[in-house]
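The values are calculated or read from the model by the stated rules, or taken from the named source; none is laboratory data. Because the structure is predicted, anything quoted here is derived from the model rather than measured. Methodologically, a virtual Cβ is constructed for each residue, glycine included, from the backbone with ideal geometry; neighbour enumeration extends over all protein chains shown. These accessible areas exclude ligands, DNA and RNA; they are computed on the full protein's heavy atoms, side chains included. Shrake-Rupley method; radii C 1.70, N 1.55, O 1.52, S 1.80 Å.
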Amino acid sequence: MKATQKDFLRGVPAAARQAGIFFFCGPDEAGASAAAQRVIEALPDPGERVELSGADLRRDPALLGDEARSGSLFGDKRHIYVRASGDDAHDAVKVLIETAEAGAGAAAPVVIVATSATDKSRTAKLLEKRGDALVAMFHPPDLGSVAAAVRGMADAAGLRLGGDLAERIARAAGLDVRLAQSEITKLALYCGADPQSPKPATAEDYDAIGAATEEDGFMPIVNAVLGGETGRIGQEIRRMRELGLNPVGVALALERRAAVLAQIVSRIGPSGAIDRLGPGDKAQLGIFFREERDIRAQFSRWMQPAARGSRETRLDRLIPRLTALHRLLLGNSAAAELLLAQELTQIARFAAKR
């Protein structure tokens, strides 16, 4: 069976309830991953999660069937999550199907997110006409479709959102539905909303969770990069991978901090003093107490000339570079982590120059 991207923006399509193998592909890795998570959450009993890579399956095509038909250590249900590239999982899926038809027994649900693959790939062709499989391809979304998805997430969480706020959340998430879902979850918690007790959410509510949202995982790497702490970059990149931080989310956090620095410049000038700002001014500029020390240091560093004798500041060069990085990551989701790591290192080195 095949489903469309729009089907998943509205929720989990009914056809998914009949499937045991899911193949999500296309250039929008974030959308495919979000759809995979929705399917897993919709399973009656997802149980233990077993993660495999496409490289694992390419080396050993029998591994997928072995894991899908093995019991959990504690006898619970399990599901298999595969991150693949292209048709890495094709032979393993074929073996899984052939052994099932030969009477090997029931298998746990298998969810495959395949970057660099399309609905014309061999794996998609193998599955698309089967009643026990579901194939969907995801393209980079537009603002309207992500805003609609945000409203759907909000409805499910018991939040009443206006269209303007839904669009703002979509933009802040970089049109990444996974980040948008995280924002909605935090907003619902802040507002005390749930499906049985819906609550309205305002722009002020979203502003109130803004600092905490950035603080969660992004700010240590933002501060290391913009503070020119080159010795910390390696460990922060490792932490980013361990926590599964979205590369676009990291880029967005850098853009937001750069925007704060730009707003400070517009208020006090490149040689101005943050000390002259009152508490109300700081709040308007996004200078929160726990971040003020880092912002002060970064403001001083990025107000320096971009080159000797230049009238252009380092910040003048940083902002367009971050915008270009954002576009690059959205267009190259398969290599996003590597591209981001390279760019973070370069920016930190530039910031560290004396």
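A few remarks follow.
- For the range 219-262: rounded, prolate or oblate by the Cα gyration tensor [a/c cutoff 1.5]: oblate
- R0 of 25 Å, Cβ-Cβ distance residue 349-residue 139: FRET efficiency to nearest 0.05: 0.10
- Within the range 1-49, the trypsin sites (Lys or Arg not before Pro) that combine a DSSP coil assignment with at most 11 other C-beta atoms in a 10 angstrom radius are 10.
- Excluding ligands, DNA and RNA, the accessible surface per residue across the range 1-92 is 47 Å² with a 1.4 Å probe.
- The chain: DSSP helices with Cα axial extent of at least 27 Å and average Kyte-Doolittle hydropathy no lower than -0.5: 247-268
- Listed peptides 263-271, 93-101, 275-283 by packing density, highest first (mean Cβ within 10 Å): 93-101, 263-271, 275-283
- Prolate/oblate/rounded label for the chain (Cα gyration tensor, a/c 1.5): prolate
- Cα gyration tensor category, rounded, prolate or oblate, for the range 1-92 with a/c compared to 1.5: oblate
- Sorting 64, 245, 126 on solvent-accessible area from highest to lowest, probe radius 1.4 Å, gives 126, 245, 64.
- In this structure the range 229-354 gives 56 Å² per residue of accessible area when probed at 1.4 Å with all protein chains present.
- Qualifying lysines (Cα of each under 16 Å from Cα of residue 129; at least 8 residues distant if same chain): 2, 94, 120
- When 199, 353 are compared by accessible surface with a 1.4 Å probe, the order from highest to lowest is 353, 199.
- Here the accessible area of the range 158-290 is 53 percent carbon and sulfur, with a 1.4 angstrom probe and all protein chains present.
- Computed [θ] at 222 nm, helices only, for the chain once each DSSP H run of length n ≥ 4 contributes -39500 (n - 2.57): -17500 deg cm²/dmol
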